[in-house]
Amino acid sequence: MEFTPAPAVHRVLCADCGTPIEPNSANLCIPCLRNSVDITEGIPKQVLLLATINFCRNCDRFLSPPASWTIAEPESRELLAICLKKLKGLNKVRLIDAGFIWTEPHSKRIRVKLTIQKEVFTSTILQQIFEVEYVVLYGQCPDCARLAAKNTWKAVVQVRQKVPHKRTFLYLEQLILKHGADKDTISIKETREGLDFFYAQRNHAIKMTEFLHSVVPVRTKDSEQLLSKDTHSGTSNYKFTYSVEIVPICRDDLIVLPKALARSYGNINPLTVCVRVGSSVQFLDPATLQTADVPAPIYWRNPFDSISNSADLIEFLVLDIEPSGPTNGKYVLADAQVVINSTNRTRTQDMDTDEGGNDAIYHTRTHLGRFLQPGDTVKGYFLRNANINNADYEKLDHSRLPDVVLVKKTYPVRRKRNRHRNWKLKSIAKEAEEGPEAFGRGAVGRRGGLDQERVEKDYENFLQELEEDPELRATVNLYKTDAKMADASKKADKPKPASMDVDETESGGAMADTEETDNEEVEPDFPEINADELLDAMDELKIEDEQVA
């Protein structure tokens, strides 16, 4: 094999140091070329993130120029993009590579290693690696600053309902939590007749009012207040107020419809019971099963109030029940014979019963024929003994009015035995979840005093309604109770031993009540809350993370 020598390479001397090099347009070696030409000129090596890019420690976001705040993890691509946006002069060079250099987390320093290229002479491209150090200064984003300050809201939604209880707002709170309508709310304030929701932007308040229109019958009024005005630029600063009034009618209320409205709905009997409250109000005649679905606009043309609410309900004992044939969905018309439950009979009721004394039997028609059996306990309105001041009620023929209007079935034995619950409700207000006693009250009932006692009673009644009505609890989210909380509630529900200072008659009466409760049979048709209906807190967090993603 014949040896072929490589062609001779022509070399020249470097113009600065005299080192033999291959000829190029600059006639300089690479070290001399780097010493004479700096392609990183104009790119700052240390950048102070002062006014334009801050790190908010409250929400862990960086300011991405010009005015957007972005969540960025340490050494993430988002943080690298923010750092590169801050550098000036990168548009004059070609960026080859960029990466982070590890620094201590508490040093408030971010070091970035950059590799750039630039053509310095004809057909001469120089590549250089250098570091840029960023100094991070802590601050507050506008959203966090608005939350930290007081009375810095842009819009408020004032929700009101003129009723003597808080059941509607307890249920509304659970609907808001289930649909995530509170994510843009910056604060919540309780008032005498409702709640105030404060928002940082007007469109968030409008979104809340639209949600309320979809779940409850309401009417809305809006107003605006001028805070400041710039005559030079023509811009104005306003605060917006949206007043939302809920229909003052709740489920299980006894209603007397106006004659004109009753005629427009097929000449329905004016004496009705409210069976459902959604985007409209549904009334049912318990004697004929005829229904009337009244939308919110029609109601507000001629508003009317209920003649009796859930506070006036009395427990009755069913002696006999006989279905009469007609049905309407889950309701079955039946003839019932009831007597006032002895535990709820008062002296006034005993004096007013002129048939049979204390054991007077009342005949009535009810829509609960599918749910009632002889021996069951049912709640209803005792019209014979009621004192009602209502103009529409006075116009009715009192000779044709029933003595009793049955509303819903109850489970008194189950309530006495199962005082602890294996489920709980979430709350809008975070501060209400600090203690086990305040868990679940949320934005309702934080005013204290006598109002707090009333809300506690309304809250317990609301929990009982969720237990006894599967359709109602299907619209809210129930969560599993922690094992520690369940054990604590069981210990608290155990009867305490009689003290030495208690009289023998009192202790004997308490023991007799306990024995009577133990001897009574639990209602077999009680709608149990299955474990499949309960959500876990961790599952809820996963769902929220998926929605955010």
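The values are calculated or read from the model by the stated rules, or taken from the named source; none is laboratory data. No experiment lies behind these values; they were computed from the predicted model shown. Cβ placement follows ideal geometry from the backbone for every residue including glycine, while neighbour counts extend to all protein chains displayed. What goes into the accessible areas is simple: the full protein's heavy atoms, side chains included, and nothing from ligands, DNA or RNA. Shrake-Rupley method; radii C 1.70, N 1.55, O 1.52, S 1.80 Å.
Among the residues of the stretch 115-136, write down those that are touching a residue at least 24 places away in the same chain (Cβ under 8 Å) and of a type in the set (A, V, I, L, M). Matches in the stretch 115-136: ILE116, VAL120, LEU126, VAL132, VAL135, VAL136.
Condition first: open to solvent by less than 100 Å² (accessible area, probe 1.4 Å), out of contact with any strand residue (DSSP E or B) (no Cβ under 6 Å at 6 or more places or on another chain) and modelled with pLDDT of 75 or more. Now tell me which residues in the stretch 6-19 satisfy that. Break it down stepwise before answering.
Our first condition is that a residue be open to solvent by less than 100 Å² (accessible area, probe 1.4 Å); within the stretch 6-19, this holds for 6, 9, 12, 14-15, 17-19.
Next, from what is left, pick out any that are out of contact with any strand residue (DSSP E or B) (no Cβ under 6 Å at 6 or more places or on another chain): 6, 9, 12, 15, 17-19.
Hits for the stretch 6-19 are VAL12, ALA15, CYS17, GLY18, THR19.
Of all residues in the stretch 293-304, those that are farther than 15 Å from PRO270 by Cβ have Cβ atoms under 8 Å from Cβ atoms of residues that are small (Gly, Ala, Ser) and at pLDDT 90 or above, 6 or more apart or on another chain, in ASP293/SER280; PRO295/SER280; ALA296/SER280. In summary, GLN373 fulfils each of the numbered conditions (1) in a strand (DSSP E or B); (2) loosely packed, with under 15 Cβ neighbours inside 10 Å with the single exception of condition (1).
So that you can scan it fast, the table gives a plain yes or no per residue for (1) aliphatic (A, V, I, L, M); (2) surrounded by 13 or more Cβ atoms within 10 Å (Cβ to Cβ); (3) within 25 Å of ILE186 (Cα to Cα):
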position: LEU87; (1), (2), (3): yes, yes, no
position: ASN91; (1), (2), (3): no, no, no
position: TRP102; (1), (2), (3): no, no, no
position: VAL112; (1), (2), (3): yes, yes, no
position: GLN117; (1), (2), (3): no, yes, no
position: VAL135; (1), (2), (3): yes, yes, no
position: CYS144; (1), (2), (3): no, yes, yes
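Against the conditions (1) within 24 Å of ARG473 (Cβ to Cβ); (2) open to solvent by 30 Å² or more (accessible area, probe 1.4 Å); (3) among the hydrophobic types (A, V, I, L, M, F, W, C), LEU226 satisfies every one except (1). In the set (1) more than 32 Å from the chain's Cα centre (by Cα); (2) within 22 Å of ARG219 (Cα to Cα), the condition left unmet by ARG276 is number (1). Return the pair list, or none, for Cβ contacts closer than 7 Å from residues in the stretch 358-384 that are on the phi > 0 side of the Ramachandran plot to residues that are in a strand (DSSP E or B) and modelled with pLDDT of 90 or more, at least 6 apart or on different chains. That search, which allows pairs on different chains as well, returns GLY375/VAL318. Here LYS113 meets each of (1) modelled with pLDDT of 85 or more; (2) assigned to a helix (DSSP H, G or I); (3) within 30 Å of LEU28 (Cα to Cα) with one exception, condition (2). Annotation: of all residues in the stretch 59-81 being modelled with pLDDT under 85 and open to solvent by less than 30 Å² (accessible area, probe 1.4 Å), the one that is nearest to VAL120 (Cα to Cα) is SER64.
Based on this model, can you work out whether LYS239 counts as within 25 Å of ASN461 (Cα to Cα), surrounded by fewer than 16 Cβ atoms within 10 Å (Cβ to Cβ) and either in contact (Cβ under 8 Å) with a residue 12 or more places away in the chain or within 13 Å of the chain's Cα centre (by Cα) (or both)? Taking the combined requirement at face value, the residue does not satisfy it.
The test for being out of contact with any Gly (no Cβ under 8 Å at 6 or more places or on another chain), part of a helix (DSSP H, G or I) and either of a type in the set (Val, Ile, Thr) or within 30 Å of VAL215 (Cβ to Cβ) (or both) does not hold for THR70. Restricted to strands (runs of 3 or more DSSP E) entirely inside the stretch 249-314, no element has at least 1 residues that are surrounded by fewer than 17 Cβ atoms within 10 Å (Cβ to Cβ) and among the aromatic types (Phe, Trp, Tyr). If you go through the stretch 189-214 one residue at a time, how many are crowded, with 18+ Cβ neighbours inside 10 Å and of a type in the set (Val, Ile, Thr)? Result for the stretch 189-214: 1.
Of all residues in the stretch 21-32, those that are touching a residue at least 24 places away in the same chain (Cβ under 8 Å) have Cβ atoms under 6 Å from Cβ atoms of residues that are in a loop (DSSP other than H, G, I, E, B) and of a type in the set (Ser, Thr, Tyr), 6 or more apart or on another chain, in SER25/THR122. Give the stretch 1-21 a look and list any residue that's touching a Lys or Arg at 6+ places or on another chain (Cβ under 6 Å) and in a loop (DSSP other than H, G, I, E, B), or say none. None; the set is empty.
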